Each structure stands twice: as C-alpha cells, then as structure tokens.
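Below: one structure, written as structure tokens.
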Amino acid sequence: MLPFVLIAPLESLIVSAAAHHPGLFVTFEGPECAGKSTQSRLLAERLRADGREVLLTREPGGCVLGERLRELLLHFDGDGGLSPEAELLLFAASRAQITRQVIRPHLDRGGVVLCDRYLDSTVAYQGYARGFDRDTIAQVNAVATQGLRPDLTILLDLDAEAIAARANARGEGGNRFEDEDLAFHRRVIDGFRAIAAQEPGRVRLHDAREPVETLHEAIYEAVRHALAPLR
C-alpha cells in the first residue's frame, strides 16, 4: 500500500453537494481497448437524433487544462516517468477542472453528459492496480468532483488477453497504460468488476466482445430507461 494519506474527514473535503441536478450524467468505463470512445460517440449521435442536448467529453481532457494534462498522463516519459503520487493528483486536477468548467454547467441546464472515463477509473487504475488506499482515493475524488457522481455508468468488460490482442491489431504506438503488463491490466479489470458488484444500481456491465451494434442497442436502452423520468 502506498504511503499517501489525507487526514481531513471526507465530509469537510466535499466543497458542495453537487449530486442534485436536472440533467443525466452517464460515464463510460472499462480497461484499455474496450471500445468506450466508439460506444459513447454512437450513443451521443443517437440521443441527439432523439432531440436531446448532449455533451460528449472525455477524462482526462475535455477542456484546455485537461487536454494538456492528458498528454502528460498518457505519454510523459521524462525524469524517470511519473511517480504514482503525481499520476493520482494529475488525474484529480483534470477531473476538478472539467467538472467545474464543463460537466456541471451542462447538467445544471438539464442536458445529458456522456463522459469517457471519470472517477471509477481512478479507483480501478490507481487503487486496484497501483495500490493506493481506496479511502484516500475516495477523498481525492470527493474534492475533484465536489461530490458529483454519475447517474449511470456503462462498464465495458474485456479480459487482459483481449486487450493485448486489440492493442496489437491497432498497429500504432500505445500510451503508458496500454503498455503495462498483463498483471496490471488484470488488476484494473478486477477493480472495475468489484465496483460493478458493489454498485449494481449505477453500474451496468456489458461484454465488450459483443458486436458494436449489439452493444450500442443494449446501452441505448439502458440510457433511454434512465432518461424516462426526465421527460
């Protein structure tokens, strides 16, 4: 376990009670190469065709600061690479900026936000895979998100061997996370599956090996059901 501890109580770290908003916040989670970007894009197109106001974004990224931090987080290799502590806090910095600047304003207007990764990725990658204390991660996430949590999370499940096969098939340079070994990816997958088991009401697990259109229809139905109370 990495020696990184916050001593303030969680309640004092949540800047505002951001859970209540008139929109719908949907996140896409999963390991590398699971198809999150493809499925979030297809869903955005479908919901816009239905007349919904949809913001499609990603994390890290989605704003000027976030995109600059994304480049560092995915590709930085200077000075011996990023330390685990720097990695955790840079993700949190990106999340804080996009939450305040981009995500929350759209939700407050009653729109739909589709975000490729959010707080669950930190739990899976920095918690389960890197070894940070998960209570500490919960505190860091609480600060970064001001208490905002997804209304619905689409988790695309893929095993480590399939990740490696898909990464090789792409035939292009990977990022720092794609280049991790199979043991790392298995810990990430275990983390996401544990999150799904702990929060079945929020997290909907889908087999990422399903055909793209089959997956899209299942995801669309889940989101359409979540949107029904907002009509």
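Selection over region 103-132 of residues that are outside any loop (DSSP other than H, G, I, E, B) and more than 15 Å from residue 24 (Cβ to Cβ) gives a count of 12. Just checking, does region 118-134 include any residue being among the small types (Gly, Ala, Ser), touching a Leu at 6+ places or on another chain (Cβ under 9 Å), buried (at least 18 other Cβ atoms within 10 Å of the Cβ) and closer than 25 Å to residue 38 by Cβ? No, there is no match, as no residue in region 118-134 is among the small types (Gly, Ala, Ser), touching a Leu at 6+ places or on another chain (Cβ under 9 Å), buried (at least 18 other Cβ atoms within 10 Å of the Cβ) and closer than 25 Å to residue 38 by Cβ. Residue under question is residue 61, and the condition is that it be in contact with an Asp or Glu (Cβ under 8 Å, 6 or more places away or on another chain) and either in a strand (DSSP E or B) or modelled with pLDDT of 95 or more (or both); does it hold? So residue 61 passes the test. Restricting attention to region 178-193, which residues are surrounded by fewer than 18 Cβ atoms within 10 Å (Cβ to Cβ) and not in a helix (DSSP H, G or I)? 179, 181, listed by residue number. Go through region 76-98 and report how many residues are in a helix (DSSP H, G or I) and touching a residue at least 60 places away in the same chain (Cβ under 8 Å). The number of residues fulfilling the criteria is 3.
Residue check: residue 67 meets all listed conditions (1) assigned to a loop (DSSP other than H, G, I, E, B); (2) within 23 Å of residue 170 (Cα to Cα); (3) free of Cβ contacts under 8 Å to residues at least 60 places away in the same chain but one, namely (1). Selection within region 180-204: residues that are of a type outside the set (D, E, K, R) and touching a strand residue (DSSP E or B) at 6+ places or on another chain (Cβ under 7 Å). The member of this set that is nearest to residue 221 (Cα to Cα) is 203. The number of residues in region 16-58 being over 13 Å from the mean Cα position of the chain (by Cα) and part of a helix (DSSP H, G or I) comes to 11.
If only residues of region 194-231 that are under 18 Å from residue 149 (Cα atoms) and charged (D, E, K, R) are counted, the one that is surrounded by the most Cβ atoms within 10 Å (Cβ to Cβ) is 204.
Only residues that are charged (D, E, K, R) and over 27 Å from residue 83 (Cα atoms): list them for region 150-190, please. Selection gives 151, 157, 166, 170. Scan region 15-58 for residues that are at pLDDT below 95 and either of a type in the set (Gly, Ala, Ser) or touching a His at 6+ places or on another chain (Cβ under 7 Å) (or both) and the total you get is 4.
The values are calculated or read from the model by the stated rules, or taken from the named source; none is laboratory data. As the structure is a prediction and not an experimental result, all values here were calculated from the model. All Cβ positions, even for glycine, are placed from backbone atoms using ideal geometry, and neighbour counts span all protein chains on display.
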